[in-house]
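The values are calculated or read from the model by the stated rules, or taken from the named source; none is laboratory data. Remember, it's a predicted structure, so these values are computed and weren't measured experimentally. Ideal geometry is used to build each Cβ from the backbone, glycine not excepted, and the neighbour counts take in all protein chains shown.
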Amino acid sequence: MTDRVFADRTFGAETVFDGLDLTESRFERCVFQGPVLQSLDFSESEFVDCRFEPLRLAACKFPKAKFRSCVWFDADQRKGGTFAFCDLQAAEFAKCNLATSVFERCDLYNLVASDSSFRGAQFKQSTFSKAISRKTVMTRASFDTCNLSFADLSGTSLERCEFKSCKFSEASFIDADLSDATLLACALDRVEWERARLKGADLRGSNLSGLNLAVLSDYAGLRISESEQSEILGNLGVNVHPGS
């Protein structure tokens with residue numbers, strides 16, 4: 001199809017997408033309804049001011065797709081959408097609301113998000129990594145000024161990922177690998193850190209209230225701000241006396 005611009009359209013459950021080429025399309029102020037959208041290819045497409053009612057996106061392709069001011073969270077149902085087995089490599093989210101959304105076994109390598117909400121989101125066996133060769137695996141993602149409070153990132157590999165000015169209050173990093181990750185000026189209060197790896201991670205300027213190094217799997221080379229050292233050492237039972 002030659003015209004790939006869709007504006008003010010509602011794609012209901014009865015919509016038939018079979019045979020449509022949806023790559024490099026543009027969707028403006030569109031509504032997507034469920035219960036399921038399956039095996040659709042939206043590679044390099046752009047979505048602006050679109051609304052996704054709580055539905056399941058199964059085996060859909062979104063590599064290099066761009067989302068601007070889009071909403072997946074239904075305030076009345078207090079429910080977000082589900083991405084299952086989806087390809088979201090290098091997808092970009094700006095000013096989007098994905099609160100309580102579920103990412104189940106998705107490819108999230110090089111995902112970029114800014115000014116967006118992932119509050120209460122779950123990342124079930126999803127990966128931010130990509131195998132470059134049999135011996136080399138790259139992990140990459142960037143979040144800037146995003147809300148990930150109450151998000152479940154347990155067991156996720158986030159090595160070398162970047163988080164700037166993000167909110168992680170009461171999020172779960174249980175068994176997560178944050179080696180060499182950057183978490184600058186983030187709210188990391190009351191986070192669950194059990195068995196997390198923070199080797200070489202940079203947490204400078206972040207609120208680390210509740211971080212107990214004793215529960216971590218590794219924290220060699222961890223960088224924190226001087227203002228946080230009393231809090232960290234206090235959780236280990238060490239009292240810091242300035243000027244002594």
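Name the single residue that is farthest from VAL191 (Cα to Cα) among those in the range 130-150 being out of contact with any Phe, Trp or Tyr (no Cβ under 6 Å at 6 or more places or on another chain) and of a type in the set (Ser, Thr, Tyr).
Ranking the candidates gives SER133 first.
Taking into account only those residues within the range 140-156 that are among the hydroxyl-bearing types (Ser, Thr, Tyr) and surrounded by fewer than 18 Cβ atoms within 10 Å (Cβ to Cβ), which is farthest from LEU208 (Cα to Cα)?
My answer is SER142.
Take the residues in the range 41-81 that are assigned to a loop (DSSP other than H, G, I, E, B) and aromatic (Phe, Trp, Tyr), then tell me which one is farthest from PHE150 (Cα to Cα).
Checked the range 41-81; the qualifying residue farthest from PHE150 (Cα to Cα) is PHE42.
Which pairs have Cβ atoms under 6 Å, sit 6 or more apart or on different chains, and link a residue in the range 151-175 that is at pLDDT 95 or above to one that is of a type in the set (Asp, Glu) and not in a strand (DSSP E or B)?
SER154/ASP175; GLY155/ASP175; GLU159/ASP180; ARG160/ASP180; SER169/ASP189; ILE174/GLU194
Looking at SER117, SER101, SER133 in this structure, which one is over 26 Å from TYR219 (Cβ atoms) and modelled with pLDDT under 95?
Sole residue among the options that is over 26 Å from TYR219 (Cβ atoms) and modelled with pLDDT under 95: SER133.
Can you name the condition, by its number, that SER39 falls short on among (1) surrounded by fewer than 19 Cβ atoms within 10 Å (Cβ to Cβ); (2) within 23 Å of LEU111 (Cβ to Cβ); (3) at pLDDT 95 or above?
Evaluating SER39 over (1) surrounded by fewer than 19 Cβ atoms within 10 Å (Cβ to Cβ); (2) within 23 Å of LEU111 (Cβ to Cβ); (3) at pLDDT 95 or above leaves (3) as the failure.
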